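The values are calculated or read from the model by the stated rules, or taken from the named source; none is laboratory data. Predicted model only: the values in this text are computed from it and were never measured. Quick reminder, even Gly has a Cβ in these numbers, built from the backbone with ideal geometry, and neighbours come from all protein chains shown.
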Amino acid sequence: MAQRPQLVNPAYIVSTSDIPGFEIVQSFGAVRGIAVFDAKRPIQMGFGGAKQKSDHDAERQGFKQSLDASFQELSAQAASRGANAIVGVRYSSNTHRNMSHQAYQTQTPQGVLEKKVPIEVIEEVCAYGTAVLIAPKRQ
């Protein structure tokens, strides 16, 4: 059975450059966590351009899972370097589309022909920050 990676306490993963009541003793450099999810969406090509159909709940759930996975990877990477905190945490996301060149037509119940183009959509989420070792401030 695989051992779970050691993680940094979420209370010490912050977007600020310091943590009140603590001082940074050592920096271990930049750490990151990247996660992707497949968000396939059917695209209709027709008069007026592309119309995108998507299941927003499923899309949000996939994005949230990717956000959580990137956060876990970020935390595990920092802990593996000996860090007990991460400062300056930021997130970024990108959408990558790969359109197929094999379009096809379908007919609506009203008899209108629609051109459909298969498309693969991959969402990427990246969490990044600076892994540090913190200790309580001395009075």
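Results, tabulated for the structure shown:
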read-out: Yes/no for residue 70 being out of contact with any helix residue (DSSP H, G or I) (no Cβ under 7 Å at 6 or more places or on another chain), at pLDDT 80 or above, in a helix (DSSP H, G or I) and not β-branched (Val, Ile, Thr); value: yes
read-out: Lone qualifier among 82, 88, 129 - being closer than 17 Å to residue 28 by Cβ, loosely packed, with under 13 Cβ neighbours inside 10 Å and modelled with pLDDT of 85 or more; value: 82
read-out: Strands (runs of 3 or more DSSP E) contained entirely in the stretch 1-64, each with at least 3 residues that are at pLDDT 80 or above; value: 22-38
read-out: Near pairs, Cβ below 9 angstrom, 6+ apart or cross-chain, from the stretch 9-29 (within 12 Å of residue 133 (Cα to Cα)) to any residue that is surrounded by 11 or more Cβ atoms within 10 Å (Cβ to Cβ) and acidic (Asp, Glu); value: 24/18
